[in-house]
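The values are calculated or read from the model by the stated rules, or taken from the named source; none is laboratory data. Just so it is clear, the structure is predicted and the values come from calculations on it, not from any experiment. All Cβ positions, even for glycine, are placed from backbone atoms using ideal geometry, and neighbour counts span all protein chains on display.
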Amino acid sequence: MEDSPVLSAEKPPLDQLVGSAVKTHRTLTGLTLAELSQRSGVSTAMISKIERGQVSASLATLEALAGGIGVPLINFFAGTVERTDVSFVAAGEGVTVQRLGSGFGHSYKLIGRAEAKHVSFESFSVTLEGPLDERPLYQHQGVEFIHVTAGEMVYGCGEAAYHMRPGDSLSFDSNATHGPIELKTDKVSFVTVVSKAVSGDN
C-alpha cells in the first residue's frame, strides 16, 4: 500500500505576504501610516493598499518603506521562503519598538524572535535612563530572563528586590509583578528574553 501524499496548505499570494510583513514591521516600530508616509515619501493610500496585498509594489517603493521603518529590504520577503528556527541579528542592529515601558524612559530594541510548536520567545536589548520618577510594574504570561550588561539597578520581582550589576542574571515567572525599582547609575542596559507557551494549533 502506497503512502498517502502529504498535503500542505498553499501559501498566500506574494503581494499578501509582503504586505503583511510591511504592516508587521511598521506596527512593531510604533509608526502610523501617516508617519511612515512622511518618512518614506509613499502615500498613506498606497501603503494601506500594499499592507492589504491589493497592489504589487515596486522594489523602489518597498525599499523606500524599508528605509522609513529602518529595516533591511529583505525582511519584507521573509514569509516567502520556508520557515526556519534560525534568527540572526548583527551587532548594533535590531528593530526599535514601543512597549509599555517606553513611557518610563525605557528604550527597547527587538533582537530576536522565534516560535516552535508549543513555545515562543522574544528577546530585547533594553536601555533605562534615570531617574525613575514613577516605578513601572509589569505582569504578563510566560517566563522571563534578564541579564545586565552595563550599569546597576535594583529590580523587583514579587516581594523581593535584587541589586543587579553587570553580569548578573535573573529568571522568574512573569505572572509575578516585576520591574526596576531604582537605578544606581544614570543608565542601565540589559538583555531580556520573554518566553511563553503557544497553542499547538498554531
remark   = Taking the stretch 47-65 and the residues there that are charged (D, E, K, R) and in a helix (DSSP H, G or I), the one that is nearest to Gly30 (Cα to Cα) would be Glu51
key: Matching residues, the stretch 109-139, being free of Cβ contacts under 8 Å to residues at least 40 places away in the same chain, in contact with a strand residue (DSSP E or B) (Cβ under 9 Å, 6 or more places away or on another chain) and closer than 15 Å to Gly179 by Cα   = Gln139
query = Does at least one position in the stretch 135-154 carry a residue that is over 29 Å from Ala90 (Cβ atoms), at pLDDT 90 or above and either among the β-branched types (Val, Ile, Thr) or surrounded by 16 or more Cβ atoms within 10 Å (Cβ to Cβ) (or both)?
reply = yes
query = So which of Gly68, Gly30 ends up being within 21 Å of the chain's Cα centre (by Cα), more than 22 Å from Pro13 (Cβ to Cβ), assigned to a loop (DSSP other than H, G, I, E, B) and not hydrophobic (A, V, I, L, M, F, W, C)?
reply = Gly30
query = Taking interchain pairs and intrachain pairs at least six residues apart, which have beta carbon atoms under 6 angstrom, with the first residue in the stretch 145-158 and closer than 17 Å to Pro131 by Cβ and the second β-branched (Val, Ile, Thr) and not in a strand (DSSP E or B)?
reply = Gly151/Thr185; Glu152/Thr185
query = For the stretch 47-65, which residues satisfy the criterion of being of a type outside the set (Gly, Ala, Ser) and over 25 Å from the mean Cα position of the chain (by Cα)?
reply = Gln54, Val55
note = The condition of being modelled with pLDDT of 70 or more, of a type outside the set (D, E, K, R) and more than 18 Å from Val194 (Cβ to Cβ) holds, among Ala161, Ala114, Ala78, only for Ala161
message = It is to be established whether one or more residues within the stretch 157-172 are assigned to a loop (DSSP other than H, G, I, E, B), of a type in the set (Asp, Glu) and surrounded by 13 or more Cβ atoms within 10 Å (Cβ to Cβ).
response = yes
